[in-house]
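Taking it in order: structure first as structure tokens, then the write-up.
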């Protein structure tokens, strides 16, 4: 069962505006990566359902960090069917992300009060996701769908939409400024944040510093974009 309420998870996503996305089959490596992300100040991690027995790694991660770092929110990504979603929710997933929109996954997550962010690539899919109760929709693949200009186009007719692009989001100031200026609520970041080089060299300090720098950059950009009071 999820340790965090739906509202807690969504508010944390809105506040941090960055969701690190990664997968690794080795439990010790996964622990070190998640711990580094948390030390860097990001209390959100999306562990991707990408390999055989991935749910076993996730289950052990959730059990470990529930005691070692109880403020950390673990969720699961790449979920395409309700059966896999149920498996991870029963292992403690606090949010569910998918590359596509699945009505049965949405129904299951609503029943368990777990946030579901499905992958959408059109206004129609986004509207359908909202009708199913999805507060944050994942635009995927972000760059190929149309990038920041797509987000701006969507928010024109349906400005209440909350969008989280994944794919095409870099940790550079230029990339994040473009997305945040377009109006995204959060950004999913994978290999641009947790690089192959960091993983290969087991550079956990490097991951921690990269996350810290990225979050600081996001806060600075959001402060500049915030409308002046009065």
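Read-outs throughout are calculated quantities, based only on the coordinates presented, and are distinct from any laboratory measurement. The structure presented is a predicted model; accordingly, all values stated were derived computationally and were not measured. Here the Cβ positions follow ideal geometry from the backbone for every residue, glycine too, while neighbour counts run over all protein chains shown.
Given the range 1-64 reduced to its alpha-carbon atoms as identical point scatterers, what log10 I(q)/I(0) does the Debye formula return at q = 0.14, 0.21 Å⁻¹? Taking Cα atoms of the range 1-64 as identical point scatterers yields -0.42, -0.92. Extension gain, residue 216 to residue 113: 0.36 nm times the residue separation minus the Cα-Cα distance gives 34.0 nm.
Starting from 0.36 nm per residue, how many nanometres of slack lie between residue 52 and residue 173 once their C-alpha separation is accounted for?
Numbers: separation 121, 0.36 × 121 = 43.56 nm, distance 3.57 nm.
Answer, rounded to one decimal: 40.0 nm.
Highest mean packing first, where packing is the average number of other Cβ atoms within 10 Å per residue, the peptides 151-161, 212-222, 134-144 line up as 134-144, 212-222, 151-161. The modelled label-to-label distance between residue 203 and residue 83, using points 7 Å beyond Cα along the C-beta direction, is 4.2 nm.
Based on C-alpha pairs under 8 angstrom that are at least 6 apart in sequence, the range 6-223 has a relative contact order of 22 percent. Using a Debye calculation, one point per C-alpha and no hydration shell, please list log10 I(q)/I(0) for the range 119-230 at q = 0.21, 0.22, 0.23 Å⁻¹ in order. The Debye formula, applied to the Cα set alone, gives -1.10, -1.16, -1.22. Peptides 181-192, 72-83, ordered by how many other C-beta atoms sit within 10 Å of their residues on average, highest first, read 72-83, 181-192.
For q = 0.08, 0.12, 0.14, 0.17 Å⁻¹, what log10 I(q)/I(0) does the range 6-223 give under the Debye formula with an equal point scatterer on each alpha carbon and no solvent? Scattering profile of the range 6-223, log10 relative to I(0): -0.25, -0.57, -0.80, -1.20. DSSP assigns beta bridges within the chain; of those with both partners inside it, close to 0 percent run antiparallel. Going from the residue with the fewest nearby Cβ atoms within 10 Å to the one with the most, 87, 27 rank 27, 87.
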